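The values are calculated or read from the model by the stated rules, or taken from the named source; none is laboratory data. In this text the structure is predicted, and so the values were computed from the model without any measurement. Cβ atoms come from the backbone with ideal geometry, glycine included; neighbour counts cover every protein chain shown. SASA here: full protein model, heavy atoms, side chains in, ligands and nucleic acids out. Shrake-Rupley method; radii C 1.70, N 1.55, O 1.52, S 1.80 Å.
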Amino acid sequence: MASPLRFRRSTERWDDDRITTELYSHLDSNLGARSTTPHYVEPNGFEARRFEMDNGDVALFVWNDDLAYWLGNTETPPALWRTNKHTFDEVPYPIARWSQRELLADLAVESPWLAEYDYLSWFFLPVFFSKDGRETSRAFFRKYAAGFPDATRDEALSFYERFLSTGALDDYRYTMASKLGTSECFDENRMSSTMSEFTVAKVLTDAGYDVEPEIEVTTGHSLDFRADPRDGDQSSLVEVTRPRPPTRRAADTPVAAVRETAETKTNGQLSEHGGGAVLFVDCTGFRDDEWAAVVGEQPGVRHRPAVVFRARPSGHIEAYEKGSVPLSLNRALEWV
């Protein structure tokens, strides 16, 4: 699987002749390329070139006498193979801002349905323009409403736009966005499970916690989040799982789907961790009648403490708990 979009940083000297010979000519001979003027004025003190390939790939190159940065979802010319990679947060702000404006302008043309969701577009930009995952990641939001089974695309995107615009996950943008996947192979279940982590992050944030993803524990595993109360009280570790709806799995009832999925998680990662983490079981993919069956029985999930919940794109979230959950969630959801 290719990685999310990142810069390559060169400390060698570049000029127009070398750029044409070692970058443009390579791209043109292999893919067919045009060297064009960028949409926006280059950062102060830099020059910039834009390359557009016949297959839809794009690359940006910006340079001055001391440094150069390459950003593209196409093949990397050999002259840049030994350069180091950097995220948007790891390059000078003017470079990051200019390049993101360039790509967001492209995104508005290529996927105009994303145009009004500024924060979601920005947050997932490293995936929306990744080499292999740009089609699959956009398709997941466009065709599958980000994993909501009975919602419109706009309802689903508005749900995550409202949360992401709080900035709660800005510091972990690459960590979280890359979980959506940068593969050419479309996997709705995996992508939906990724969005469950965003939903749990929303619950924790709305409840008054700061969240940090990918917490390494002594077993060598990583748990999905640490939730830090803003009053300085004790932190809690959180793991998230998402049952596939019974219509899409061997388990023929909603209750069985919840139990089997949670059992897989508790027999693996959580059992080796030795307890203490809160398991969130996300039933957002369940239809109304399926969720009603789960609420009616409120099955255990072979792990305590646990929160079994279902979110709607309106922002309404229902849940029940098993065991003594060391998190105060009343502000973020409705207990049923």
Fill in: For the chain, the fraction of alpha-carbon pairs in successive 10 Å shells from zero, as %
5, 24, 29, 21, 13, 7, 1, 0
Worksheet entry | Three-way shape call for the stretch 1-98 based on the alpha-carbon gyration tensor, with the a/c threshold at 1.5 | rounded
Worksheet item: What length, rounded to one decimal in nm, is gained on full extension from Arg331 through to Arg312, with 0.36 nm per residue of separation minus their alpha-carbon distance?
Response: 5.3 nm
Worksheet entry | Reachable aspartates and glutamates, given that their alpha-carbon falls under 17 Å from the alpha-carbon of Lys131 and they are not under 8 places away in the same chain | Glu52, Asp54, Asp57, Glu75, Glu102, Asp106, Glu110, Glu184, Asp187
Discussion item. I want to check the label-to-label distance for Thr37 and Ser111. Put each point 7 Å from Cα in the C-beta direction and report it in nm to one decimal.
Written reply: 2.9
Fill in: Label-reachable residues, the stretch 301-328, where backbone N falls under 20 Å from a point 7 Å from Arg162's Cα toward its Cβ
309-320
Response to the item:
Row for the stretch 12-64, column shape: gyration tensor on C-alpha, a ≥ b ≥ c, rounded if a/c < 1.5 i.e. under 1.5, prolate if a/b over b/c, else oblate; value oblate
Worksheet item: For all pairs of alpha-carbon atoms in the stretch 118-220, what percent lies in each bin of width 10 Å, listed from the first bin to the last filled one?
Response: 15, 49, 31, 6, 0
Worksheet, complete the sentence: Between the Cα axis of helix 93-110 and the main Cα principal axis of the chain, the angle (0 to 90°, nearest 10) is 80
Item to complete: Given the options Asp170, Asp289, Asp132, state which has the largest fluctuation in a GNM of the chain using a 10 Å cut-off (strictly under) for Cα springs.
Response: Asp289
Response to the item:
For the chain, averaging the sequence separation of alpha carbon pairs under 8 Å that lie six or more residues apart and dividing by its residue count, the contact order in percent is 12
Fill in: Cβ-defined net charge surrounding Ala227, 11 Å radius [Lys, Arg +1; Asp, Glu -1]
-3
Discussion item. Per residue, how much accessible surface does the stretch 31-146 expose to a 1.4 Å probe? Answer in Å², no decimals.
Written reply: 44
Worksheet item: Which percent of the accessible heavy-atom area of the chain goes to carbon and sulfur, probe 1.4 angstrom?
Response: 43
Response to the item:
So, with points 7 Å from each Cα along the Cβ direction, the Arg142-Ser29 label distance in nm works out to 3.4
Fill in: Net +/- balance of residues flanking Asp132 in space, Cβ distance below 13 Å, scoring K and R +1, D and E -1
-2
Practice prompt. Can you find, among Val281, Met53, Ala156, the residue farthest towards the positive end of the dipole of the chain? Put +1 on the C-beta of Lys and Arg, -1 on that of Asp and Glu.
Written response: Val281
Response to the item:
Quick calc, the chain, dipole around Cα centre from Cβ unit charges on Lys, Arg (+) and Asp, Glu (-), nearest 20 debye, gives 560
Practice prompt. Between beta-carbons, use under 11 Å as the cut-off and find the net charge around Glu184, counting Lys and Arg +1, Asp and Glu -1.
Written response: -1
Worksheet item: Quick one: Cα centre-to-centre distance for the stretch 145-199 and the stretch 54-92, in angstrom?
Response: 27
